[in-house]
Amino acid sequence: MEKKMMISEAPRTSRRIKKRKLANVCVETYKERKSREERVSPLVEKYWFQRYHLFSRYDEGIKMDEEGWYSVTPEEIAIRHAQRSGNGIVIDCFAGVGGNAIQFARMCYSVVAIDIDPQKIEFAINNAKIYGVEDYIDFIVGDFFELAPSLKGDMVFLAPPWGGPSYKSIEKFTLDSLEPRDGFTIFQVAQAITPNIIMFLPRNVDLQQVEELSWLSSPPLEVEIEENYVQHNVKGVTAYFSGAACG
């Protein structure tokens, strides 16, 4: 009986060793593959796995900085924004790496894409070239608030920074958490250009505050609010004001 017990124990030990070796091989293969494709920080790793939802042509040379990974509008949502933007000149006030500007341009609109960060504008130009729409976009490195008095357009698109991925931990995101200024100030500056405004906000934004933005005008602006999904997951909320609300 002792021999039988020894024989029965051995295979189980052997199987456990094999599982450990297999696990190690899988981890090494994953790291090698990931290293081959692109080096990403732990902060943006989850967004790297969603890269084709951010840019469907990602493999053709799309460039993003760390902030761009978690702040660019998913392509499916950016297309929706473009479909609702009407005609004429669209001003993208916080263009980042160009996700929305590209989709506006693909709808054959003339786009003014503004960002205060020169590197983001450099990446946005690169990304626009990949989609073949660079000739439809005027890229400007500058502060939207300083440029606003001289801007003229038919539609203003606002996707100001949400403060990084930590916004998700807030139960109710308030407009004063937007950057670089609070949402009410940003909206008023945009409204001086045109009342036709599209504003992309976090999924947990305080909807009552969003409605209050329409009251900053007299008479109040028409407003329509929709949730935006990617693969059945809510990614954000878009508010359409004035002419944009009629799409």
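The values are calculated or read from the model by the stated rules, or taken from the named source; none is laboratory data. Remember, it's a predicted structure, so these values are computed and weren't measured experimentally. No Cβ is skipped: glycine too gets one built from the backbone with ideal geometry, and neighbour counts run over all protein chains shown. When the accessible area is computed, the model is the full protein with side chains, heavy atoms only, and any ligands, DNA or RNA have been set aside. Shrake-Rupley method; radii C 1.70, N 1.55, O 1.52, S 1.80 Å.
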*Name every residue in the range 107-150 that is part of a helix (DSSP H, G or I), within 16 Å of GLU75 (Cβ to Cβ) and either among the aliphatic types (A, V, I, L, M) or touching a Pro at 6+ places or on another chain (Cβ under 7 Å) (or both), in order of residue number.*
ALA124, ALA128, ILE130
*Only one of these conditions is not met by TYR167: (1) modelled with pLDDT of 95 or more; (2) crowded, with 18+ Cβ neighbours inside 10 Å. Which number is it?*
(1)
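Determine which member of the set GLY98, GLY86 is small (Gly, Ala, Ser) and either modelled with pLDDT of 95 or more or in contact with a Cys (Cβ under 7 Å, 6 or more places away or on another chain) (or both). Show your work before the answer.
Working: GLY86 fails: either modelled with pLDDT of 95 or more or in contact with a Cys (Cβ under 7 Å, 6 or more places away or on another chain) (or both).
Being small (Gly, Ala, Ser) and either modelled with pLDDT of 95 or more or in contact with a Cys (Cβ under 7 Å, 6 or more places away or on another chain) (or both) holds for just one of GLY98, GLY86, which is GLY98.
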*When you look at ASP92, is it over 22 Å from PHE55 (Cβ atoms) and surrounded by 17 or more Cβ atoms within 10 Å (Cβ to Cβ), yes or no?*
no
*Within the range 178-217, which residues are buried (at least 16 other Cβ atoms within 10 Å of the Cβ) and among the hydroxyl-bearing types (Ser, Thr, Tyr)?*
THR194, SER214
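Can you tell which of ILE186, ILE193, ILE198 is aliphatic (A, V, I, L, M), closer than 23 Å to ALA113 by Cα, assigned to a loop (DSSP other than H, G, I, E, B) and in contact with a helix residue (DSSP H, G or I) (Cβ under 9 Å, 6 or more places away or on another chain)?
Details: ILE186 fails: assigned to a loop (DSSP other than H, G, I, E, B); ILE198 fails: assigned to a loop (DSSP other than H, G, I, E, B).
Residue meeting the stated conditions: ILE193.
Limited to the range 221-238, what total is found for residues that are in a loop (DSSP other than H, G, I, E, B) and either surrounded by 14 or more Cβ atoms within 10 Å (Cβ to Cβ) or within 16 Å of the chain's Cα centre (by Cα) (or both)? Break it down into steps so the answer makes sense when it comes.
Going residue by residue through the range 221-238, those that are in a loop (DSSP other than H, G, I, E, B) are 221-222, 231-232.
With the extra rule that they be either surrounded by 14 or more Cβ atoms within 10 Å (Cβ to Cβ) or within 16 Å of the chain's Cα centre (by Cα) (or both), the set shrinks to 221-222, 231.
Result for the range 221-238: 3.
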*Quick one: ASP135 ticks every box in (1) farther than 26 Å from CYS246 by Cα; (2) open to solvent by 60 Å² or more (accessible area, probe 1.4 Å); (3) touching a Lys or Arg at 6+ places or on another chain (Cβ under 7 Å) bar one, so which box is it?*
(3)
*asked:* Go through the range 70-88 and report how many residues are open to solvent by 10 Å² or more (accessible area, probe 1.4 Å) and either in contact with a Leu (Cβ under 9 Å, 6 or more places away or on another chain) or among the polar types (S, T, N, Q) (or both).
replied: 7
*Please enumerate the residues belonging to the range 121-175 that are farther than 26 Å from GLY86 by Cα and basic (Lys, Arg).*
LYS168, LYS172
